[in-house]
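The values are calculated or read from the model by the stated rules, or taken from the named source; none is laboratory data. Computed from a predicted structure; not experimentally measured. Positions of Cβ are generated from backbone atoms using ideal geometry, with glycine treated the same way; all protein chains shown enter the neighbour counts.
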Amino acid sequence: MFKLASVALAATLLSTSAMAQVKPFPADFKMQEIATNGVTIHVRVGGKGPAVVLLHGYGETGDMWEPLAENLAKDHTVIVPDLRGLGLSSKPASGGYDKKTQGGDVAGVLDALKVTKTDLVTHDIGNMVGYAFAAEHRDRVGRFVLIDAPLPGVGPWDEILKNPLLWHFRFGGPDMERLVAGRERIYLDRFWNEFSATPARFTEASREHYAKLYAQPGAMHGGFSQFAAFDQDAADNKVFVAQGKLTMPVLALGGEKSFGPMMATVMRFAASNVTEGVVPDSGHWIMEENPKATVTLVRDFLDAKQ
């Protein structure tokens, strides 16, 4: 389902991104607005072959995946949504930001595209959405790559929460939205700088691009709501783990200067077939800081025979 307003906004922002020299997705990728689960999800679809879904995290949108999407589209059908509340997807004020509900968004997108089974590659908040989807639809996921973010309620979650760099997990609400309004770039620069091994690799063009997307009406509310749902996510994830660990092959990747091997430590509480990996010379923003290594690690894992 396409909405004219969304299409017009997409065209405007794509024009802006081109001016800012952010590399667009390949020309054969098509953009769709898929209505499902009470929201409209903006989706990029390109390539041909077995399906792979790429889920982004906070501070970015599906645009982050361009280098990986271009590579995988050679022999995969690549599906890249914007999470609800972020990017060019709709931004409900009323809720639905728990990751179990957003896993339902992913299922609805795949149903609309008539995709029955897929691989998953996820980063940051995308890890949490991807895990909820995989836990509820285990027969629909072939291989699963999670990159550089924990899962609420899983493994050492309570210890991870004590890290002072994660103050933003509890930052939100109407007053916080008012404080940040018109200052989105200032707020987001803090994350892009503090969670980078080399902040200069998160380019000015990318910062300008994402700051404009997060300055859209409702976008900061959608972002804060992702974090506000963590307590519910933790409760849901404990139920998922109690139902049994994921059995599909899992690659747990951490940035060398960020989560590193801790990603595998976390995922071994939730999955039984975990491969550990580290993106060298990178902090949290793996596709900005070391896209070449990230693409190689993901591609090698997805190409491996089960």
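Observations on the model:
- Look at the stretch 235-252: where a residue is closer than 26 Å to VAL278 by Cα and a partner is loosely packed, with under 14 Cβ neighbours inside 10 Å and at pLDDT below 95, sitting 6+ places away or on another chain with Cβ atoms under 8 Å, you get PRO249/ALA304; PRO249/GLN306.
- Residues satisfying the stated conditions in the stretch 293-306, i.e. touching a residue at least 12 places away in the same chain (Cβ under 8 Å) and either surrounded by 17 or more Cβ atoms within 10 Å (Cβ to Cβ) or in a helix (DSSP H, G or I) (or both): ALA293, THR294, VAL295, LEU297, VAL298, ARG299, PHE301, LEU302
- For the stretch 184-200, a tally of residues being surrounded by 13 or more Cβ atoms within 10 Å (Cβ to Cβ) and either among the hydrophobic types (A, V, I, L, M, F, W, C) or within 20 Å of GLY218 (Cα to Cα) (or both) returns 9.
- Count - residues of the stretch 1-47 that are at pLDDT 50 or above and of a type in the set (S, T, N, Q): 5
- Test: ALA135 is over 24 Å from ASN193 (Cβ atoms), of a type outside the set (Lys, Arg) and in contact with a Phe, Trp or Tyr (Cβ under 7 Å, 6 or more places away or on another chain): yes
- Only residues that are out of contact with any Gly (no Cβ under 7 Å at 6 or more places or on another chain), under 17 Å from ALA132 (Cβ atoms) and buried (at least 18 other Cβ atoms within 10 Å of the Cβ) were counted across the stretch 234-251, and they come to 5.
- Evaluation of GLN102 against (1) modelled with pLDDT of 95 or more; (2) touching a Lys or Arg at 6+ places or on another chain (Cβ under 8 Å); (3) part of a loop (DSSP other than H, G, I, E, B) (one fails), failing number: (3)
- Of ALA234, ALA228, all but one fail to be under 23 Å from GLY96 (Cβ atoms) and touching a Pro at 6+ places or on another chain (Cβ under 6 Å); the exception is ALA234.
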